[in-house]
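Mind looking over this structure? Questions follow.
The values are calculated or read from the model by the stated rules, or taken from the named source; none is laboratory data. Keep in mind the model is a prediction, meaning the values are calculated, not measured. No Cβ is skipped: glycine too gets one built from the backbone with ideal geometry, and neighbour counts run over all protein chains shown. Heads up: the accessible areas ignore ligands, DNA and RNA and are worked out on the full protein's heavy atoms, side chains in. Shrake-Rupley method; radii C 1.70, N 1.55, O 1.52, S 1.80 Å.
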Amino acid sequence: MNTSDLLVIGGGLVGASVALGAARSGLKVTVLDEDDVAFRASRGNFGLVWVQSKGFTLPDYARWSLASAQSWPELSAYLKERTGIDVELKQPGGLHLCLSQEEMDTRKERLQWLQDEVGPHYQFEMLDYDELRKRVPLVGPDVVGATYTPMDGHTNPLKLFRALYDAAGKEGVQFKTGCGTEDISYANGIFTVKAGGKVWQAPKLVLAAGLGNNKLAPKVGLYAPVEPNRGEVLISERLRPMLSYPTNFVRQTDEGTVQIGDSHEDVGFDDGTITSVLGGIAKRGIKCFPILANANLVRAWAALRVMSPDGYPIYQASESHPGAFVVTCHSGVTLAANHVMRIAPWIAGGAYPDAIREFKGDRFLNKNLVFTNGH
Ligand SMILES: Cc1cc2nc3c(=O)[nH]c(=O)nc-3n(C[C@H](O)[C@H](O)[C@H](O)COP(=O)(O)OP(=O)(O)OC[C@H]3O[C@@H](n4cnc5c(N)ncnc54)[C@H](O)[C@@H]3O)c2cc1C
């Protein structure tokens, strides 16, 4: 029998962040992760630490994203100090490139609405083409303008993943792979999980299994109706520095490669790439930055986003199975700081973070689930 204070099911960015934070709060934590057949959004994302326009219709989500972005420098410094890994956080602000005047107008409306709701510290600027060119001289003439917010940034998501694992290991977290959960039962305040041919027990359990949460949540009295949404991404060879801000479609990584994204496709659990979709992504990237027409592409991939119907996170403690929690979201990079510093301490026994009261999975109960992807 393997016993811990906390079992975390799922070893993606969300599970690793929660495990690290809980171990820092003093818990003995074991993470059970499936094997390499699993869908892993954490290995296929765009690396943005992004606040801009998030939470349109739900300002709590804008506040939550902003709080995480503001805590990111602390997370990054801690990871560097604990592991020696620089996750290459840069927060110069971010640009949402607009390809039509209509898009500019819609974004202005949204950002103004968010500023009115969140407060004057939620800053944004509308940049016309000439102003945009001053900041990004290589931008193409088909771009009408951009919205800029100073709180956005980006990181190297694979280095982040490695640093979280490394730091968590140093805090005593045990990671077990090949441990797809076969069964969860609950008696006398103890969860018993069968996974990887073994039995694991703990008085606390976190479901952080990404798309796997949909099936696991009802086993512990929770509801997490998440569905896949495919995103395809291209990456170029290393180029000389060409872009000092992350944008919604294109960002230059710390290694010099240029990441060009991304699609939003409702295709179920199919994580294959489609040439016509990749072609569309490449064309849009070149429209934004014509210099990319001369760049060699070195890789393309697709990964499945973990989307709730309204696109916002799900954080909930089970009432019927005290000690069980679900933690799942679409923006696991952006929200990593919140998961380490705010969600994990709550799970470890600290106060309920009032900021998450709108994010219970129960908000979807008895509703016609329509997936808007409106994150
Ligand atoms: C194309 C794309 C671009 C993105 N861009 C960004 C971005 O710029 N910024 C941002 O913040 N976010 C972005 N994201 C989202 C981000 O990658 C995800 O929010 C994050 O990776 C989710 O992490 P996760 O741990 O919940 O899920 P996953 O990474 O999918 O991990 C889930 C884990 O659970 C395990 N698992 C599943 N079922 C079981 C089971 N039954 N038993 C045991 N283990 C199980 C799997 O093995 C897996 O390791 C993007 C995602 C995609 C696809």
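What's the number of the only condition in (1) open to solvent by 30 Å² or more (accessible area, probe 1.4 Å); (2) closer than 18 Å to ASN338 by Cα; (3) within 16 Å of the ligand (Cβ to nearest atom); (4) not in a helix (DSSP H, G or I) that PHE39 fails to meet?
The failed condition is (2).
Another one. With the structure loaded, tell me whether GLU265 is touching a helix residue (DSSP H, G or I) at 6+ places or on another chain (Cβ under 9 Å) and crowded, with 22+ Cβ neighbours inside 10 Å or whether it fails that test.
Working: touching a helix residue (DSSP H, G or I) at 6+ places or on another chain (Cβ under 9 Å): yes; crowded, with 22+ Cβ neighbours inside 10 Å: no.
When the stated conditions are applied, GLU265 does not pass them.
What's the number of the only condition in (1) open to solvent by 10 Å² or more (accessible area, probe 1.4 Å); (2) in contact with a helix residue (DSSP H, G or I) (Cβ under 6 Å, 6 or more places away or on another chain) that ILE190 fails to meet?
Of (1) open to solvent by 10 Å² or more (accessible area, probe 1.4 Å); (2) in contact with a helix residue (DSSP H, G or I) (Cβ under 6 Å, 6 or more places away or on another chain), only one is false for ILE190: (2).
So ILE260 passes all but one of these: (1) surrounded by fewer than 22 Cβ atoms within 10 Å (Cβ to Cβ); (2) more than 9 Å from the ligand (Cβ to nearest atom); (3) at pLDDT 95 or above. Which condition number does it fail?
Looking at each condition in turn, ILE260 falls short on (1).
Return a yes/no flag: does the stretch 174-189 have any residue that is over 30 Å from THR273 (Cα atoms), in the same structural domain as ASP35 (by the TED database) and touching a Pro at 6+ places or on another chain (Cβ under 8 Å).
yes
Taking the stretch 63-89 as the search range and keeping residues that are among the aliphatic types (A, V, I, L, M) and assigned to a helix (DSSP H, G or I), which one is surrounded by the fewest Cβ atoms within 10 Å (Cβ to Cβ)? Working first, answer last.
Filtering the stretch 63-89 for residues among the aliphatic types (A, V, I, L, M) gives 66-67, 69, 75, 77, 79, 85, 87, 89.
Narrowing the set further to residues that are assigned to a helix (DSSP H, G or I) leaves 66-67, 69, 75, 77, 79.
Details: LEU66: 21, ALA67: 18, ALA69: 25, LEU75: 27, ALA77: 13, LEU79: 24.
Here the residue is ALA77.
Ok, one more. Find all pairs meeting these conditions: Cβ atoms under 6 angstrom apart; at least six residues apart or on different chains; first residue within the stretch 230-250 and open to solvent by less than 10 Å² (accessible area, probe 1.4 Å); second residue of a type in the set (S, T, N, Q).
Filtered contacts from the stretch 230-250: GLY231/SER263; GLU232/SER263; GLU232/THR273; SER236/THR257.
Collect the residues in the stretch 206-242 that are among the β-branched types (Val, Ile, Thr) and part of a strand (DSSP E or B), keeping them in residue-number order. Show your work before the answer.
Step one: filter the stretch 206-242 for residues among the β-branched types (Val, Ile, Thr), giving 206, 220, 226, 233, 235.
Answer for the stretch 206-242, where residues must be among the β-branched types (Val, Ile, Thr) and part of a strand (DSSP E or B): VAL206, VAL233, ILE235.
Need the failing condition index for ASN188 against (1) over 30 Å from VAL143 (Cβ atoms); (2) within 13 Å of the ligand (Cβ to nearest atom), just the number.
ASN188 satisfies all of (1) over 30 Å from VAL143 (Cβ atoms); (2) within 13 Å of the ligand (Cβ to nearest atom) except (2).
Quick check on the stretch 53-62. Is at least one of its residues more than 9 Å from the ligand (Cβ to nearest atom), open to solvent by 50 Å² or more (accessible area, probe 1.4 Å) and not in a helix (DSSP H, G or I)? Steps first, answer last, please.
Restricting attention to the stretch 53-62, the residues satisfying the condition of being more than 9 Å from the ligand (Cβ to nearest atom) are 53-62.
Next, from what is left, pick out any that are open to solvent by 50 Å² or more (accessible area, probe 1.4 Å): 56-57.
Checking which are not in a helix (DSSP H, G or I) leaves us with 56-57.
For the stretch 53-62, residues more than 9 Å from the ligand (Cβ to nearest atom), open to solvent by 50 Å² or more (accessible area, probe 1.4 Å) and not in a helix (DSSP H, G or I): present.
Let me ask something else about it. Do the conditions hold for LEU138, that is, is it within 14 Å of the ligand (Cβ to nearest atom), outside the structural domain of ALA41 (by the TED database) and within 25 Å of VAL233 (Cβ to Cβ)?
no
Assess whether ILE291 counts as being in a strand (DSSP E or B) and either more than 17 Å from HIS96 (Cα to Cα) or among the acidic types (Asp, Glu) (or both). Break it down stepwise before answering.
Numbers: in a strand (DSSP E or B): no; either more than 17 Å from HIS96 (Cα to Cα) or among the acidic types (Asp, Glu) (or both): yes.
When the stated conditions are applied, ILE291 does not pass them.
Scan the stretch 1-38 residue by residue and report those that are under 17 Å from VAL306 (Cα atoms), touching a Gly at 6+ places or on another chain (Cβ under 8 Å) and among the hydrophobic types (A, V, I, L, M, F, W, C).
Selection gives ILE9, LEU13, VAL14, ALA38.
Cβ contacts < 7 Å: first residue in a helix (DSSP H, G or I), restricted to the stretch 1-23; second residue near the ligand (Cβ under 10 Å from one of its atoms) and hydroxyl-bearing (Ser, Thr, Tyr), any location; separation 6+ or different chain. Result?
What qualifies is LEU13/SER42; VAL14/THR328.
Quick grid of which residues meet (1) out of contact with any Gly (no Cβ under 6 Å at 6 or more places or on another chain); (2) touching a residue at least 40 places away in the same chain (Cβ under 8 Å); (3) in the same structural domain as LEU211 (by the TED database); (4) open to solvent by 60 Å² or more (accessible area, probe 1.4 Å):
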position: ALA317; (1), (2), (3), (4): yes, no, yes, no
position: HIS321; (1), (2), (3), (4): no, yes, yes, no
position: ALA344; (1), (2), (3), (4): no, yes, yes, no
position: ALA351; (1), (2), (3), (4): yes, no, yes, yes
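Mind telling me which of the residues LEU6, LEU32 ends up being within 18 Å of GLY196 (Cβ to Cβ) and within 8 Å of the ligand (Cβ to nearest atom)? Please lay out each step first, then the result.
Numbers: LEU6 fails: within 8 Å of the ligand (Cβ to nearest atom).
Within the list LEU6, LEU32, the selection yields LEU32.
Would a scan of the stretch 362-373 turn up a residue that is at pLDDT 95 or above, within 14 Å of the ligand (Cβ to nearest atom) and open to solvent by less than 60 Å² (accessible area, probe 1.4 Å)?
Looking for residues that are at pLDDT 95 or above, within 14 Å of the ligand (Cβ to nearest atom) and open to solvent by less than 60 Å² (accessible area, probe 1.4 Å), one finds none in the stretch 362-373, hence no.
Only one of these is over 27 Å from LEU304 (Cα atoms) and touching a strand residue (DSSP E or B) at 6+ places or on another chain (Cβ under 8 Å): GLY323, GLY361. Name it. Before you say what the answer is, go through the steps one by one.
Numbers: GLY361 fails: over 27 Å from LEU304 (Cα atoms).
Criteria check complete, one pass: GLY323.
A further question follows. Take SER17 and tell me if it is within 16 Å of the ligand (Cβ to nearest atom) and crowded, with 18+ Cβ neighbours inside 10 Å.
Details: within 16 Å of the ligand (Cβ to nearest atom): yes; crowded, with 18+ Cβ neighbours inside 10 Å: yes.
Yes.
For TYR186, indicate whether it is of a type in the set (Phe, Trp, Tyr) and within 23 Å of the chain's Cα centre (by Cα).
Numbers: of a type in the set (Phe, Trp, Tyr): yes; within 23 Å of the chain's Cα centre (by Cα): no.
Here the answer is no, as TYR186 does not meet what is asked.
Would you tally the residues in the stretch 280-310 being open to solvent by less than 30 Å² (accessible area, probe 1.4 Å) and over 22 Å from GLY12 (Cα atoms)?
Residues of the stretch 280-310 that are open to solvent by less than 30 Å² (accessible area, probe 1.4 Å), as a first pass: 281-282, 285, 288-289, 292, 295, 302-309.
Applying the additional criterion that residues be over 22 Å from GLY12 (Cα atoms) yields 281-282, 285, 288-289, 292, 295.
Going through the stretch 280-310 one residue at a time, the tally reaches 7.
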